[in-house]
Amino acid sequence: MAATKVSLKLLIDKTKQRVLVAEADNKFVDFLFSIFTLPVGTVTRLLQKQNMAGCLGNLHKSVENLSDIYIQPEQDKGILTDPKVANISGAKVPLLLPRVEHSYTPRKFYRCREIYCNYVASDPRAICSSCKTLMSNEVRYVEYPPKDIKASSSSVGGYVKGVITYMVMDDLEVKPMSAISSISLLTELNVTDLGAVEEKVVDLGMDEVLSLLEASLQSKTVLTDVFLQNHFDNDRIEIIKDIVGA
């Protein structure tokens, strides 16, 4: 896990045993948004496929068990079962899962030796459509230069600004927090007894991150499931730790 500490302040309805809302900084919101960068194959591997809802676990197992004699010679099953994660704009996002953070591999491109040919291939075994020679000469790919960003307290990487406090709902809806929005929220959630509402600060480790990832795919009450109802049992946590190599 990343060394950065990430905490949440939960507002809990003790009577109904539910999380009303969480107060979060940009680190936690960046983690939630980074879920969208994970390929389906990576999510399936991390969440222990036999415990997943639906059929993706069976599909993942089918690919793993399929003999290589049935796979096209230029293909690798790892592309499906353990895909690479794209490096989105170089964003530095905390709490990325083990063996996922550094799995990005830049693509390589090749061309033939003839100057007048304008074809490019991603495989050095390809044949040029013009001169019919092997396209084995690697060419350098240059990233488009990022926009200039003035140095400030909010320009520290990630997806959202770090000078804002965010509220995260039980169903993971994310909004900027304000005094007015907090009052409106209590009314919207029909909270009439403020004495039954308590605050609780929780720290996120790998167990909680994996629980949040799984619950986000199966539940509309994610924060309650993870932090109040022991969403993960210890045996499943240990299994997942083995998978991700913790």
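The values are calculated or read from the model by the stated rules, or taken from the named source; none is laboratory data. The shown structure was predicted, so the numbers you read here are calculated from the model rather than taken from an experiment. A quick note on method: Cβ atoms are made from the backbone with ideal geometry, for glycine too, and the neighbour counts reach across all protein chains shown.
For this structure, a couple of remarks:
- Test result for residue 89, over 29 Å from residue 125 (Cβ atoms) and at pLDDT below 85: yes
- Applying the criterion of being touching a helix residue (DSSP H, G or I) at 6+ places or on another chain (Cβ under 6 Å) and not in a helix (DSSP H, G or I) to the residues of the range 180-229, the residue that is nearest to residue 166 (Cα to Cα) is 202.
- All of (1) farther than 15 Å from residue 216 by Cα; (2) at pLDDT 85 or above; (3) crowded, with 18+ Cβ neighbours inside 10 Å hold for residue 18 with one exception: (3).
- Top-ranked residue in the range 110-130 [being under 18 Å from residue 142 (Cβ atoms) and in a loop (DSSP other than H, G, I, E, B); ranked as nearest to the chain's Cα centre (by Cα)]: 122
- Candidates 185, 228, 134, 213 - the one that is at pLDDT 75 or above, closer than 30 Å to residue 117 by Cβ and surrounded by 12 or more Cβ atoms within 10 Å (Cβ to Cβ): 134
- Qualifying residue in the range 138-151 (condition: at pLDDT 90 or above, part of a strand (DSSP E or B) and surrounded by 13 or more Cβ atoms within 10 Å (Cβ to Cβ)): no
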